[in-house]
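Below is one structure, written out as structure tokens; comments come after it.
The values are calculated or read from the model by the stated rules, or taken from the named source; none is laboratory data. Here the structure is a predicted model, which is why all the values come from computation and not from measurement. Using ideal geometry, Cβ is built from the backbone for each residue, glycine included, and neighbour counts are taken over all protein chains shown. When the accessible area is computed, the model is the full protein with side chains, heavy atoms only, and any ligands, DNA or RNA have been set aside. Shrake-Rupley method; radii C 1.70, N 1.55, O 1.52, S 1.80 Å.
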Amino acid sequence: MSIVAVGINHKTAPVAVREKISFNPDKLSSALQEMLQHVQCKEAAILSTCNRTELYLVQSEKLDITQEKVVAWLSQHHNIPASSFIPSLYWHSEQQAVNHMMRVACGLDSLVLGEPQILGQMKQAYNQAKASGSMALVMDRLFQRTFGVAKQVRTETDIGASAVSVAFASVNLAKHIFASLEKAKVLLVGAGETIELVAKHLYENKVGKITVANRTLSRAELMAEQIGADVITLAQIPEKMADADIVISSTGSTLPIIGKGMVEQALSKRKHRPVFMVDLAVPRDIEEQVAELEDVFLYTVDDLQGIIAKNMESRRKAAIEAEAIVNQQTTGFMSWLRGLNTQDTVVSYRKQCMDERDILLEKAKQQLSANKDPEAVLAELATKLTNKFMHAPTNAIQSAAQGGELDKLIYLRDIFNIDK
């Protein structure tokens, strides 16, 4: 049994590559079933966020075979050439894969060190895999242990003490561009966790006015009530765009929501007063051509890296402590996994012995029913049982001795407790 983690993230690929192999949440269940069939793995889960897409697999095949199957499936599923993403892929197996998953859940591999949103996204990946039937004992136990590690890191270290996130970085950048946020008007597109965090940071910075645009009004209204924001539909964005000094977008749309033409019309109505825009979505919510317009300052998640780096120093010491916890828990999980494999072997071996015993015992009972001498029957039963149980070990010892495999011979003597 083998555990494998395959993926790309913000370290290995730009947005243009990441968005090509991101998964639509609404189609994730069918993608999991498709992957089980094509990759031929026993268990699977998919984590797909703005900054990473990762496949977690449990299978019994060699890793090099799995790599070929995964690449072929990703290429087929997303209808893109394998050459466009192979250079960005990373592969982790066994203990390295377990360690990677735990580090991801703790935010140790995130664009923003220690950011908490990734844990919620991993829990969502777990629930989706569970609901689709692509998860069994090993993957379930791995995710549960991973969640436990993330909680331990949050409790025992200061990894999450400071408010550092992509959302925080967006607001922080806006504060540098505008002298004051108190008079600024903000349009937030989407109502997911990232936008909720953006809204929270804006509200804490006493921003002038917030309008939330979302496909589902009820979801946006729930968030808007907490920050005193207005709510509009996505279809109303063109008519409200001209009022926005700041536009921050993060939705799950597969196509851009805000196009170059829409922004050009808004700029005309604003008489070319500048607009600050942040696209936190993968795939993009804002057409990249918008960046070509004058009076528009457009940033993507990749552009925020420099800003985020300045806010990271307070978490670096905590990260060292967190790494130690992750390493310890990784070792613990691998011990459990080895124990599981050992348990399966023991169960199989015991069943084999019991089956052989039952066959010989049934023959002995038949002999007794035929009035054969009981002592002769018992002697024959004992001899046959002994020969049965000695057969495989004897062959192994003879093979090791004849092949000059001294280490194996010593190992076998220890296993069978043969007197030196």
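Points worth noting:
- Among all positions in the range 271-288, there is at least one residue which is over 22 Å from ALA174 (Cβ atoms) and open to solvent by 20 Å² or more (accessible area, probe 1.4 Å).
- Checking TYR349 against (1) open to solvent by 60 Å² or more (accessible area, probe 1.4 Å); (2) closer than 30 Å to PHE389 by Cβ; (3) at pLDDT 90 or above, the condition it does not meet: (3)
- Of the residues ASN371, ASN311, the single one that is surrounded by fewer than 11 Cβ atoms within 10 Å (Cβ to Cβ) and not in a helix (DSSP H, G or I) is ASN371.
- Scanning the range 354-368 for residues that are over 53 Å from the mean Cα position of the chain (by Cα) and open to solvent by less than 70 Å² (accessible area, probe 1.4 Å) yields ALA364, GLN367.
- The set of residues from the range 1-31 being within 16 Å of ILE86 (Cα to Cα), open to solvent by 30 Å² or more (accessible area, probe 1.4 Å) and in a helix (DSSP H, G or I) comprises just one member, ALA16.
- Checking VAL70 against (1) open to solvent by 20 Å² or more (accessible area, probe 1.4 Å); (2) farther than 19 Å from ASN127 by Cβ; (3) not aromatic (Phe, Trp, Tyr), the condition it does not meet: (1)
- Residue check for ALA131: open to solvent by 30 Å² or more (accessible area, probe 1.4 Å), assigned to a helix (DSSP H, G or I) and of a type in the set (A, V, I, L, M, F, W, C): yes
- Residue satisfying all of: in the range 164-204; of a type in the set (Gly, Ala, Ser) and assigned to a loop (DSSP other than H, G, I, E, B); surrounded by the fewest Cβ atoms within 10 Å (Cβ to Cβ) among these: ALA179
- With respect to the conditions (1) open to solvent by 30 Å² or more (accessible area, probe 1.4 Å); (2) modelled with pLDDT of 95 or more, LEU47 lacks only one, and its number is (1).
- Here TYR299 meets the list (1) of a type in the set (Phe, Trp, Tyr); (2) part of a helix (DSSP H, G or I); (3) surrounded by 13 or more Cβ atoms within 10 Å (Cβ to Cβ) almost entirely, failing just condition (2).
- Looking only at the range 245-260, and only at residues there that are closer than 21 Å to LYS20 by Cα and in contact (Cβ under 8 Å) with a residue 60 or more places away in the chain, the one that is most open to solvent (accessible area, probe 1.4 Å): THR254
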